[in-house]
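The values are calculated or read from the model by the stated rules, or taken from the named source; none is laboratory data. Values in this document were obtained by computation on a predicted structure and should not be read as measured data. Reconstructed Cβ throughout: ideal geometry from the backbone, glycine too, with neighbour counts over all protein chains shown.
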Amino acid sequence: MKTTVKKVSMFWLLIGLISCLVLDGFAFKVPIASGQAKPSSPSIPKAPKELKVALVDFLSGPPAKAGTAAINAGRILIEQINQAGGIGGVKIRPIIVDEAGGVEKQVTEYRRLVLDEKVDAILGYLSSADCLAIAPVADELKTLTIYNGCGTSKLFEQADYKYVFRAVNYEGAENVAAALYVLTIKPDLKTVVGINQDYAWGRDSWETFDHAIRRLKPGVKVVETLWPKLGAVEFSTEISKALAAKPDVLHTSLWAGFLDSFIKQAAPRGLFKETQVVVTVGERSIVTIGKEMPEGVIVGGRGGFVPYILPDPKANAEAKKFYEIYEARFGEIPIADSFNMVQDILAMKAAYEKAIKAHGRWPTTEEVIKALEFLEFDSLGVRVSMALGKGHQAIHPQVFGITGTQRHPKWGFPLLEKVKIFPAEKVNPPPGVKHLDWIDSWPVGKGP
Amino acid sequence: MKILTIIFVDGIVFASWLFLVSVGLTFIYGVLRILNVAHGSLYALGGYMGASMVLYYLQTGATPYLTYFVLLGAALFIGIVAGSLIETIFLRRVYHREEEVQLLLTFSLFLILEDVIKLVWGVSPYFADKPYALLGQMRLGGIIYAQYVFLLPGIALASGAIIWGIINRTRFGKIIISVTTDREICTSLGVNVPRVRTFAFIIGAILATLGGAFTAPMTALVPGIGVEVIVLAFAVVAIGGMGSVGGAVLGSLLVGLARAAAIHLFPELDLFTIYLVMSLVLLFRPQGLFGEVEVRRI
């Protein structure tokens, strides 16, 4: 009996450790900053010697590819800004932090960045769970925080935050655009299946798409909604269920490595031939899977970006230069996450510059926040407006397309065909209106 | 009837995968009395090594049908190398220590190996799906399955049979049982106990790397894949009874079939099913289904 009790105790100790692993992490902080800026000699009154900015994204775990692409882009842009003299003559010192490890760890890490590192601003975050948990802490610690990758609509529709912003589109814009786009490809669709992860991002994404598609196409029947666990990479049973349901359209907001695994398991089973699959944030997988990416998949990009389409290197010299530098340095192309981080940094820069101009001196955090609310700025040729969430949520164009037969001449991945760039106002509600209420207000059978 | 067929097939495929990723864990516990958290890293190492070797092999232009043997070879290679290094450098020093210390050591190894994997293979996903698509598809219950997934029950059965054979039909198996039962008497009888333990750990490590290598063709290899696996493996081992290979078989089947039934009949319960099964079993049998207090544990 004693042996049994000890084994049971060991088991619970083990469960504790594993919980630590899942919740607190196999994450490792990267405590330093690359490209540390030398103190400059700003001419603006009350200017600090440097602007300490934390860039937070996944450097380990399944989303590490996305996070690394974001951080890499951040490094490049900050170097460019510093080489050009910084913000108001003040150079940016980036502090790179791994987002892996779970919500509790990230909240603790956030407090450390503010209280110990004394950062001036914190940019990034990919996980919706992290964003929701950190927002009230940001307000408590009065620190400028600009999110990018996390897409949950609950952030600004269920609460107001003074110090928190999100400088890229959220899932509402992506899933409204997905519903509008799928009807241009499959106008006679009758049945839909959803496969979305069982947490805020997956649930919110499905809810928006479900609302939009039912409003746009009355009579559409949702035949199955499947909720794989966040972290799972084995989808054979979900794929069986989807194949058995034989839907006209399958919607999924699976992302990064999870989506890659899903595509790899589903393609040989004919899912992409039997059903029109819509992946709302699939542009990363086009790049990572490359030439093996199935044809005929409707794809959007997180935040609205798809490389070479938005931002468009042919239409904007800064974008062209950014693509060239990124590809030369890292030997790969930037992905949506890269542009999400770029947009965060440019939002911060634009706000500081506006506040400096308004006050004639280095601004306080509150003055920067005031400047960022409802700000409009350019991000590598993309016009961004902080129009929603009382000036805290960005809107900008959203790209969707379908994978075709043509390949990128250099990188080999399938190019998108029938590309549609939805204007920001077409896929976002008016200020002050929640996106589901806005969708429900559309005339039945017609879009916005 | 059709839905039952699909549930059964999906359940068996998932159960086979679960057995592959958990049998090594329970075997090592049964022989060495160590809960090896680094099992997840061994699984990941097997996956990455298998994918790398397959990609390298395919570049030579040789027949792709031999990639299955390449996966097997990669699993054996990395299992032997990593298993022997971990056992001789680290575990050997803590056999006489408290179980908590052993657990913390393997947990540390897990964290270190996660970073080693990132250091060697980077953060970009690895794909080696040629073996997955190569065997073609078949229709079962009205839907298409990649025939590769039916290799998994075969590999799981072979692994289980080999483990059973080693333990019950070989001299080495008898020595393992003796060492597990009474290390001191074995030592006094001239058995080289440290060597037996090293071999036993290597067998467990190979089972982990085998699971990783044959999972590699059907997934994207990304940093952190060992975390999900270790959680599932521990759940299966807890259900079946720690140290019991037979328990791992039953635990895998229970979880696999329950999850498949949940997804097909009650999709909202997907997340919950595995832990529901585990909770119910532990509620009535805290030692697991096959976890009787007994002298012989393997």
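Data table
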| quantity | calculated |
| --- | --- |
| Verdict on B:THR215 being under 20 Å from B:LEU71 (Cα atoms), within 12 Å of chain A (Cβ to nearest Cβ), surrounded by 23 or more Cβ atoms within 10 Å (Cβ to Cβ) and polar (S, T, N, Q) | yes |
| Condition check for A:GLY301: under 23 Å from B:GLY136 (Cα atoms), more than 10 Å from every other protein chain (Cβ to nearest Cβ) and not hydrophobic (A, V, I, L, M, F, W, C) | no |
| Residue in segment A:379-387 that is closer than 20 Å to A:PHE322 by Cα, in a strand (DSSP E or B), of a type in the set (S, T, N, Q) and assigned by TED's automatic domain parsing to the domain that holds A:THR152 present | yes |
| Pair list, Cβ < 6 Å and 6+ apart or interchain, from segment A:195-222 residues that are touching a residue at least 40 places away in the same chain (Cβ under 8 Å) and farther than 21 Å from A:CYS150 by Cβ to residues that are among the hydrophobic types (A, V, I, L, M, F, W, C) and crowded, with 21+ Cβ neighbours inside 10 Å | A:ARG215/A:ILE439; A:LEU216/A:ALA179 |
| Segment B:2-37: number of residues that are more than 16 Å from B:ILE163 (Cβ to Cβ), touching a residue at least 60 places away in the same chain (Cβ under 8 Å), in a helix (DSSP H, G or I) and of a type outside the set (D, E, K, R) | 12 |
| Matching strands (runs of 3 or more DSSP E) fully within segment A:108-209 where at least 1 residues are under 28 Å from A:LEU250 (Cβ atoms), hydrophobic (A, V, I, L, M, F, W, C) and at pLDDT 95 or above | A:191-195 |
| Selection count, segment A:416-448, where residues are among the small types (Gly, Ala, Ser) and in contact with a Gly (Cβ under 6 Å, 6 or more places away or on another chain) | 0 |
| Given (1) in the same structural domain as A:ILE421 (by TED's automatic domain parsing); (2) surrounded by fewer than 16 Cβ atoms within 10 Å (Cβ to Cβ), number of the condition A:ILE286 does not satisfy | (2) |
| Complete set of residues in segment A:97-130 that are hydrophobic (A, V, I, L, M, F, W, C), buried (at least 23 other Cβ atoms within 10 Å of the Cβ) and more than 21 Å from A:ALA347 (Cβ to Cβ) | A:ALA100 |
| Selection count where residues are small (Gly, Ala, Ser), more than 27 Å from A:PHE165 (Cα to Cα) and within 22 Å of the chain's Cα centre (by Cα), scope segment A:391-448 | 1 |
| Residue count, segment A:65-87 (criterion: without any contact (Cβ under 8 Å) to a residue 40 or more places away in the chain and within 8 Å of chain B (Cβ to nearest Cβ)) | 1 |
| Residue list for segment B:113-141, filter: within 7 Å of chain A (Cβ to nearest Cβ), in contact (Cβ under 8 Å) with a residue 12 or more places away in the chain, more than 21 Å from the chain's Cα centre (by Cα) and not in a helix (DSSP H, G or I) | B:VAL123, B:PRO125 |
| Filtered residues of segment B:251-278 (kept if surrounded by 22 or more Cβ atoms within 10 Å (Cβ to Cβ) and assigned to a loop (DSSP other than H, G, I, E, B)) | none |
| Residue check, A:ALA232 over 17 Å from A:VAL277 (Cα atoms), without any contact (Cβ under 8 Å) to a residue 60 or more places away in the chain and either surrounded by fewer than 22 Cβ atoms within 10 Å (Cβ to Cβ) or more than 7 Å from every other protein chain (Cβ to nearest Cβ) (or both) | yes |
| Residue under evaluation A:ASP260, criteria (1) more than 10 Å from chain B (Cβ to nearest Cβ); (2) crowded, with 24+ Cβ neighbours inside 10 Å, criterion not met | (1) |
| Residue under evaluation A:ALA37, criteria (1) modelled with pLDDT of 90 or more; (2) of a type outside the set (Val, Ile, Thr); (3) more than 28 Å from B:GLY226 (Cβ to Cβ); (4) not in a helix (DSSP H, G or I), criterion not met | (1) |
| Test: residue in segment B:255-273 that is at pLDDT below 90 and of a type in the set (S, T, N, Q) | yes |
| Any hit, segment A:196-219, residues being more than 20 Å from the chain's Cα centre (by Cα) and polar (S, T, N, Q) | no |
| A:GLU104 at pLDDT below 95 and among the charged types (D, E, K, R) | yes |
| Checking A:VAL222 against (1) over 21 Å from the mean Cα position of the chain (by Cα); (2) more than 9 Å from chain B (Cβ to nearest Cβ); (3) assigned to a helix (DSSP H, G or I), the condition it does not meet | (3) |
| Pick from segment A:43-73, criterion among the hydrophobic types (A, V, I, L, M, F, W, C) and in a strand (DSSP E or B), ranking: nearest to A:VAL342 (Cα to Cα) | A:LEU55 |
| Given (1) outside any helix (DSSP H, G or I); (2) of a type in the set (A, V, I, L, M); (3) in contact with a His (Cβ under 9 Å, 6 or more places away or on another chain); (4) within 8 Å of chain B (Cβ to nearest Cβ), index of the condition A:ALA244 fails | (1) |
| Helices (runs of 4 or more DSSP H) within segment A:252-367 that include 2 or more residues in contact (Cβ under 8 Å) with a residue 24 or more places away in the chain and in contact with a Ser or Thr (Cβ under 8 Å, 6 or more places away or on another chain) | A:256-266, A:283-289, A:336-359 |
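Matching residues to (1) of a type outside the set (Lys, Arg); (2) out of contact with any Cys (no Cβ under 8 Å at 6 or more places or on another chain); (3) on the phi < 0 side of the Ramachandran plot:
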site: A:THR208; (1), (2), (3): yes, yes, yes
site: A:ARG214; (1), (2), (3): no, yes, yes
site: A:GLY231; (1), (2), (3): yes, yes, no
site: A:ALA256; (1), (2), (3): yes, yes, no
